[in-house]
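Only one structure is covered here, and it is reproduced in the block below.
Rule-based calculations on the coordinates, nothing more; no lab input. Everything quoted here is computed from the prediction, not taken from an experiment.
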Amino acid sequence: MSRRGAGADRAAAAAGPGRGARRQAQDAPATADDPLGAASLMADVEWLAAPARHGRGSRSADARAVAAWLGDELRQAGYAPTTLAIPEVDDQVDVVAVYGPRDDLAPTIVVTAHYDHLGEVDGTLYPGADDNASGVAVALGVARDLAARRDVAGRVVFVFTGAEELGLYGARAYAEAPAYPLGQTRVVINLDMVGRRFFEGTADQDATLGAVGLPGDATLLELGEAAAAAAGVALVAVSAELLTLVGEDWRSDDWVFRDRGVPAVHLSTGLNPDYHQPTDTPDRVSRAQLERVARFLRGWVSRLAAR
Ligand SMILES: [Zn+2]
């Protein structure tokens with residue numbers, strides 16, 4: 001068994017019928033251990049969007065259990081995660097994990113992904129596979145891969161936010177009490193809905209990813225395009241202001257930081273017909289797209305946090 005296999009037993013025992021136990025039972029193929037591989041990423045999406053998670057309602061015990069699971073997965077990967085209380089929502093937290101040096105004043109890369117969703121409404125389950133189990137799976141995969149390889153000298157802070165669906169409350173809580181001063185933040189990269197074809201049902205492009213808030217920062221753009229090319233992703237850079245202008249600013253956690261003058265980017269495959277529907281299920285998430293986005297983010301973060 002891999003180190004993560006052993007840890008998964010403990011986590012499964014601690015957090016109930018979690019992913020570790022399921023993985024053991026199904027004897028997942030060897031490639032499943034590649035944190036950036038489709039098998040590992042999809043295993044997390046399926047676990048997060050499973051009926052047993054009851055749609056990870058923002059105020060629910062299920063969301064709280066997912067936060068505990070995230071803490072266990074990050075500990076197994078070698079992190080010392082902390083939780084941050086969200087003042088507006090009782091008993092809900094952000095889960096924070098720091099990769100890299102702790103004590104210097106060098107710039108910080110922040111990666112955010114919200115883990116909550118709509119829960120069950122009038123007996124109807126909203127699984128939230130793309131929104132946002134996909135973003136959580138990609139962020140967790142990159143966190144695992146960085147900790148396993150330790151090939152990047154800089155600092156990356158992973159923030160799994162709660163209560164996003166209620167009003168970006170998890171991101172607000174982090175912005176009020178960041179692990180490192182916001183002024184030291186090179187960029188916040190927010191992952192929200194990254195698992196489908198680009199604007200499926202309208203533009204409907206494969207291997208394409210939107211990057212809202214990227215224009216205007218030449219270095220960020222240049223490194224992003226290099227990482228995208230290496231991962232086989234076409235990056236569509238969109239200005240946040242343009243979206244506001246056309247009234248299409250679907251707000252996610254990046255706005256909390258952008259409104260505070262911190263460079264922030266929202267990575268997304270955009271809206272699709274299953275957005276906030278009971279049909280946002282794992283079988284509609286593209287395995288190939290998920291892996292491409294994970295390899296893209298890993299490449300971008302590595303370039304940005306290189307010293
Ligand atoms: Zn979302």
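Give the share of C-alpha pairs in each 10 angstrom bin for the chain, from 0 to the last occupied bin, in whole percents, shortest bins first.
Over the chain, the share of Cα pairs per 10 Å bin runs 6, 30, 40, 21, 3, 0 percent.
Return one quarter of the surface area of the convex hull spanned by the alpha-carbon atoms of segment 84-191, equal to its mean projected area, in nm².
Value for segment 84-191: 7.3 nm².
With each run of n ≥ 4 DSSP H residues scored as -39500 (n - 2.57), what mean residue ellipticity at 222 nm is computed for the chain after dividing by its residue count and rounding to the nearest 500 deg cm²/dmol?
About -11500 deg cm²/dmol.
Among DSSP beta bridges whose residues both lie in the chain, state the antiparallel percentage, nearest 5.
Here the antiparallel bridges make up roughly 40 percent for the chain.
Name the residue, out of Arg172, Arg260, Arg56, whose mean-square fluctuation peaks in a Gaussian network model built on the chain with Cα pairs under 10 Å.
Arg260
For segment 180-307, report the convex hull volume of the alpha-carbon atoms normalised per residue, in Å³, without decimals.
115
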